[in-house]
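Chemist: Below are the structure tokens for one structure; questions will follow.
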Amino acid sequence: MSSFGDLGLTSGILKSIAKIGFETPTPIQEEAIPKLLTGNQDLIGLAQTGTGKTAAYGLPMIDLTNSRIKHLQGLVLCPTRELCLQIHKELKIFSEHRPGLHIIPVYGGADIRKQIREIRSGVHIVIATPGRLLDLMKRKVIDLTELDRVVLDEADEMLNMGFQEDIDKILETTPEERNTWLFSATMPKAVERIAKRYLKNPMELSAGSRNIANRDISHHYIITRKADHVNLLKLFLDANTDLFGLVFCRTRRDTRDVAEKLAAAGYNAEALHGELNQRQRDRVMNKFRKRNLQVLVATDVAARGIDVIDITHVFNLNIPDDLAFYTHRSGRTARAGKKGQSVVFVSTRDLGKLRRLEKIIQAKFSELEKPDASHVLNNQLGLFLERWLTTPIHPKIEQYAQELESPLKGITKQELLGRLLSLRFEKILASTSFEKKERKPKKKAFDASSYPKSQQRMFINIGSMDMKSKKDLIYFITSVAEISKDAIMGVEFNKRQSYFFVNKRLGKKLTQAMEGVNYQGRNIRVNPDGGIDFSDGERPKKKSKSKLKARGSKGRNRPKKKRR
């Protein structure tokens, strides 16, 4: 592996990066920097957040910018205010030993008059969000006609946020001979169209493969119900006191509900969503960056541009509708070579979608067992007692300890220890998973004769190899067929297939509803067991055609019963 000194950077840049502890370049930096320093190369960089892509384009941009020339030479477009500020912060550090080089951020929600003053005083590189940049262009404050280099950072996110038209308007005003460097975590068709239209013979570099997740992230799923999401999160937080996490929800309402329930239970959690104004958003983000929050609960839109290091866990309370979004979600952890975990909460009907996601990101999801409160408590007790026994008594505590001797005289050591531990682990002990549920009596073995003749026994090619329990199977059938769970009776849950009873009137509806349904890559088949109504005990033996004919003729001659 080469060093930064081997990449062709000038001494001033090398001083700046040495000061902040940069020693060896990341793969994307090692590949991109020498190519971009030539000053005549367009580039597509497939790189997720946390791979060092800001330095990959920022260092060459600073090195190629001539501070003696007063016009704007470099532009970085990015999707959000947070990312804009983060890029500006890094570029300022990289350019510390480049006196006279002016770099400014422009974004919505800030005082535009101040930004106008800074631009008019002279600027070499601008980092901007598309909306605010267009506003400044309309006011004739910023001129892109002499621009040398444009960076599109997180291009897929900008297009997801609806900036396609803005990007077109901006790039159409720039010189044709400019260099364009496009960086994106994924390469959907919309990004490919942008690249085809605005980049000239681009070189494609990658810190991975297209749409593939970071290999330092371990991917897991838990089968659960939405009603249990908050309790599961509590157990994860209790089990890992060092957890620093991001929770993704589908809607603003969900983010508020989850954050409020966690906060009410004593956890440091807040919500980030579109209803917050800029000041509120900044307050929440500052708390999260300083780790005054253990958990940030956010929507996909609100979380765009978040660049916070050391996030250990990402929790997905749903699989995003656009599966490519998952790469952005999970990419918030495992940055700068560190490890991270991404956990998806799913119901049984989401498992097919999860398998499709595995193919897209080319990573395997392993199933996690639901955390158990008693197991969490055992772990926490061990850690607590280990710290307790090794912690020296502080001198200032000794006098208070003596004062407490008298009121504690009547309490035994066991009782004192029990009360202290009960207070220390109050949250875990209050967990719903400690509540013992009454065991339901086991159902008797299958007996077809115990079901009325109005019921029909059905076959389905799903068993315990596919689902964990009868409950999951019933949920799957009733969700697809849109029938009540009470309509399903007498489930026989075998390894490769199962049987159950439904009213004969529902049999046809159920069979039709399951036509074309796919589960884990397999077509689901539901039909009456053996094609025969099966509600009179054992399967009837096949009869010869002659006997059936004789029985039929007798039936025709038999007088009809009078209706009562």
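Chemist: So which residues in the stretch 134-158 are more than 20 Å from Tyr57 (Cα to Cα), in a helix (DSSP H, G or I) and either out of contact with any Asp or Glu (no Cβ under 6 Å at 6 or more places or on another chain) or polar (S, T, N, Q) (or both), if there are any at all?
Modeler: Passing the criteria: Asp135, Leu136, Met137, Lys138.
Chemist: Now for a different question. So Ala271 ticks every box in (1) among the hydrophobic types (A, V, I, L, M, F, W, C); (2) free of Cβ contacts under 8 Å to residues at least 12 places away in the same chain; (3) in a strand (DSSP E or B) but one. Which box is left unticked?
Modeler: (2)
Chemist: Shifting gears a bit: Only one of these conditions is not met by Glu177: (1) of a type outside the set (Phe, Trp, Tyr); (2) part of a loop (DSSP other than H, G, I, E, B); (3) touching a residue at least 12 places away in the same chain (Cβ under 8 Å). Which number is it?
Modeler: (3)
Residues checked against (1) under 16 Å from Val76 (Cβ atoms); (2) of a type in the set (Lys, Arg); (3) modelled with pLDDT of 95 or more; (4) in contact with a helix residue (DSSP H, G or I) (Cβ under 9 Å, 6 or more places away or on another chain):
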residue	(1), (2), (3), (4)
Leu144	yes, no, yes, yes
Leu147	yes, no, yes, no
Leu152	yes, no, yes, yes
Gln164	no, no, no, yes
Thr186	no, no, no, yes
Tyr198	yes, no, yes, yes
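Chemist: Just to verify a result, which residue in the stretch 354-372, among those that are among the aliphatic types (A, V, I, L, M) and not in a helix (DSSP H, G or I), is farthest from Glu426 (Cα to Cα)? Full working, then the answer.
Modeler: First, the residues of the stretch 354-372 that are among the aliphatic types (A, V, I, L, M): 354, 357, 360-361, 363, 368.
Retained after the next criterion (residues that are not in a helix (DSSP H, G or I)): 363, 368.
Working: Ala363: 38, Leu368: 25 Å.
Once the filter is applied, the top-ranked residue is Ala363.
Chemist: Right, something else. Keeping to the stretch 15-32, report how many residues are buried (at least 18 other Cβ atoms within 10 Å of the Cβ) and more than 31 Å from the chain's Cα centre (by Cα).
Modeler: The total comes to 2.
Chemist: Something else about it: Looking at (1) in contact with a Ser or Thr (Cβ under 7 Å, 6 or more places away or on another chain); (2) surrounded by fewer than 15 Cβ atoms within 10 Å (Cβ to Cβ), which is the one condition that is false for Lys287?
Modeler: Answer for Lys287: the failing condition is (1).
Chemist: If you don't mind, another one. Go through the stretch 59-78 and count every residue that is of a type outside the set (Val, Ile, Thr) and crowded, with 22+ Cβ neighbours inside 10 Å.
Modeler: The qualifying residues number 7.
Chemist: Could you give every pair whose Cβ atoms fall below 8 Å, whose first residue belongs to the stretch 387-412 and is not assigned by TED's automatic domain parsing to the domain that holds Thr241, and whose second residue is at pLDDT below 80 and not in a loop (DSSP other than H, G, I, E, B), counting only separations of at least 6 or pairs across chains?
Modeler: Here the result reads Ile393/Ala401, each pair linking the stretch 387-412 to a residue that is at pLDDT below 80 and not in a loop (DSSP other than H, G, I, E, B).
Chemist: Continuing with the same structure: Kindly indicate whether His375 is of a type outside the set (A, V, I, L, M, F, W, C), assigned to a helix (DSSP H, G or I) and under 20 Å from Gly52 (Cα atoms).
Modeler: Values: of a type outside the set (A, V, I, L, M, F, W, C): yes; assigned to a helix (DSSP H, G or I): yes; under 20 Å from Gly52 (Cα atoms): no.
So His375 fails the test.
Chemist: Right, next: When you look at Val126, is it touching a residue at least 12 places away in the same chain (Cβ under 8 Å), in contact with a helix residue (DSSP H, G or I) (Cβ under 7 Å, 6 or more places away or on another chain), hydrophobic (A, V, I, L, M, F, W, C) and buried (at least 23 other Cβ atoms within 10 Å of the Cβ), yes or no?
Modeler: When the stated conditions are applied, Val126 does not pass them.
Chemist: Keeping to the stretch 359-383, report how many residues are buried (at least 16 other Cβ atoms within 10 Å of the Cβ) and farther than 30 Å from Leu421 by Cβ.
Modeler: Counting residues in the stretch 359-383 that are buried (at least 16 other Cβ atoms within 10 Å of the Cβ) and farther than 30 Å from Leu421 by Cβ gives 4.
Chemist: Scan Ile142, Ile217 and give me the residue that is closer than 29 Å to Lys353 by Cβ and either touching a residue at least 24 places away in the same chain (Cβ under 8 Å) or crowded, with 21+ Cβ neighbours inside 10 Å (or both).
Modeler: Selected residue: Ile217, the only one of Ile142, Ile217 that is closer than 29 Å to Lys353 by Cβ and either touching a residue at least 24 places away in the same chain (Cβ under 8 Å) or crowded, with 21+ Cβ neighbours inside 10 Å (or both).
Chemist: Filter the stretch 23-42 down to the residues that are in a loop (DSSP other than H, G, I, E, B), under 25 Å from Asp148 (Cβ atoms), in contact with a helix residue (DSSP H, G or I) (Cβ under 8 Å, 6 or more places away or on another chain) and free of Cβ contacts under 8 Å to residues at least 60 places away in the same chain and list them by number.
Modeler: Answer for the stretch 23-42, where residues must be in a loop (DSSP other than H, G, I, E, B), under 25 Å from Asp148 (Cβ atoms), in contact with a helix residue (DSSP H, G or I) (Cβ under 8 Å, 6 or more places away or on another chain) and free of Cβ contacts under 8 Å to residues at least 60 places away in the same chain: Pro25, Leu37.
Chemist: Determine which member of the set Met467, Met458, Met489 is within 17 Å of Lys509 (Cα to Cα), buried (at least 21 other Cβ atoms within 10 Å of the Cβ) and not assigned by TED's automatic domain parsing to the domain that holds Asp350.
Modeler: Unique residue meeting the criteria: Met458.
Chemist: Moving to a separate point now. Out of curiosity, is Gly45 assigned to a loop (DSSP other than H, G, I, E, B), touching an Asp or Glu at 6+ places or on another chain (Cβ under 9 Å) and within 26 Å of Gly162 (Cβ to Cβ)?
Modeler: No; evaluated as a whole, the condition is false for this residue.
Chemist: Which residue pairs have Cβ atoms closer than 7 Å, lie 6 or more positions apart in sequence or on different chains, and pair a first residue in the stretch 346-360 that is not assigned by TED's automatic domain parsing to the domain that holds Met467 with a second residue that is surrounded by 15 or more Cβ atoms within 10 Å (Cβ to Cβ) and of a type in the set (S, T, N, Q)?
Modeler: Ile360/Asn211
Chemist: Gly245 is checked against (1) more than 18 Å from the chain's Cα centre (by Cα); (2) within 21 Å of Val308 (Cβ to Cβ) and fails just one. What number does that condition carry?
Modeler: All conditions are met except number (1).
Chemist: Please indicate, with yes or no, whether at least one residue in the stretch 65-83 is at pLDDT 95 or above, under 28 Å from Lys200 (Cα atoms) and in a helix (DSSP H, G or I).
Modeler: Among the residues of the stretch 65-83, not one is at pLDDT 95 or above, under 28 Å from Lys200 (Cα atoms) and in a helix (DSSP H, G or I), which makes the answer no.
Chemist: Checking the conditions here, which among Ala185, Ala227, Ala195, Ala207 is in contact (Cβ under 8 Å) with a residue 60 or more places away in the chain and surrounded by fewer than 21 Cβ atoms within 10 Å (Cβ to Cβ)?
Modeler: Within the list Ala185, Ala227, Ala195, Ala207, the selection yields Ala195.
Chemist: Residue check, Ser342 against (1) crowded, with 21+ Cβ neighbours inside 10 Å; (2) more than 29 Å from Asp111 (Cβ to Cβ); (3) touching a helix residue (DSSP H, G or I) at 6+ places or on another chain (Cβ under 6 Å); (4) at pLDDT below 90, all met but one. Which one?
Modeler: (4)
The values are calculated or read from the model by the stated rules, or taken from the named source; none is laboratory data. The structure presented is a predicted model; accordingly, all values stated were derived computationally and were not measured. Every residue, glycine as well, gets a Cβ built from its backbone with ideal geometry; the counts of neighbours run over all protein chains shown.
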